[in-house]
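Written below as structure tokens is the structure these notes are about.
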Amino acid sequence: MNEKNYAVMSEHELREEIAILKEKSRKAEQLGIINEFAVYERKALMVAAYLVDLDTIIPGEMYRIDGSENEFFQVDYLKGRFAWGHRLGGEKYQEALPVSILSPIKVGK
């Protein structure tokens, strides 16, 4: 099977890949194979990162972390399809998150 690099895939191909991965993760979850489920979920997030316009992720800005009601992330810089920065509150250690899980806090911008 020839796997195509996500960076050269069209939007349609990326969306198809996400659908395939979501289906695989759903099946793994039903079968109780939690580690396989987690791998497919993370891979789908990485594919989704290629659908994000990197110009919309601005260093210095704060973003909501999808799937976490009250968790926020301040972006320091971008490297590839990851935003490097830190979460608000708690320890201020630097981490990288796929840009696909960041949502702007400011609406209408």
Exercise. Considering the range 1-39 alone, what residues qualify as being within 18 Å of residue 81 (Cα to Cα), open to solvent by 50 Å² or more (accessible area, probe 1.4 Å) and of a type outside the set (Ser, Thr, Tyr)?
Worked result: 4, 5, 7, 8, 11, 13, 15, 39
Problem set entry | Counted residues, the range 20-77 - those being closer than 26 Å to residue 8 by Cα and touching a Gly at 6+ places or on another chain (Cβ under 6 Å) | 1
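The values are calculated or read from the model by the stated rules, or taken from the named source; none is laboratory data. Remember, predicted model here, so these are calculated numbers, not experimental data. For neighbour counting, all protein chains shown are included, and Cβ atoms are generated from backbone atoms with ideal geometry for every residue, glycine included. Heads up: the accessible areas ignore ligands, DNA and RNA and are worked out on the full protein's heavy atoms, side chains in. Shrake-Rupley method; radii C 1.70, N 1.55, O 1.52, S 1.80 Å.
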